[in-house]
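Each remark here refers to the structure printed beneath this line.
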């Protein structure tokens, strides 16, 4: 395999891990079940899978051979895999009507998809989606307080 074909996916993995790490850092400082390392690894794994698939298509070793790689199937595999991790972060509290960890599970899904997008080399889209995700996570409480009607004491 050409060295450049191996370096290109490595760049994708590093970028995906940086973007996933930014989101994971926010989860880490809020002491959530999945934090910095988990988000980095999920994003990096997704980028690795998609980038390796792309590299196989470009590899001269496979020239003239039929290489069937469906990009949507690669994305499906990532989403199915991260669903198990996300499910592990969701906890139901006994005796309470509350469930914890849904936002962290959603952020894991988001970083997995960010990894897929980076693997497809849509760097600007992935960076913008990361910023939007951080906006939602960081501004979440302020927005909820602003939208929720205040209860007046009688």
Work out how much length residue 72 to residue 4 would gain on full extension: take 0.36 nm times their residue separation and subtract the Cα-Cα distance, in nm to one decimal.
-> 22.0 nm
Applying 1/(1 + (r/R0)^6) with R0 = 22 Å to the Cβ-Cβ distance of residue 83 and residue 103, what FRET efficiency is obtained, to the nearest 0.05?
-> 0.90
The stretch 3-147, relative contact order [Cα under 8 Å, separation at least 6], % = 31 percent
Cα convex hull volume per residue for the chain, in Å³, equals 123 Å³
Gain in span if fully extended, residue 125 to residue 150, counting 0.36 nm per residue against the direct Cα distance | 5.3 nm
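Quick note: the coordinates plus some simple rules give every number you see, no bench work behind them. Everything quoted here is computed from the prediction, not taken from an experiment. Neighbour counts run over all protein chains shown; Cβ positions are idealised from the backbone, glycine included.
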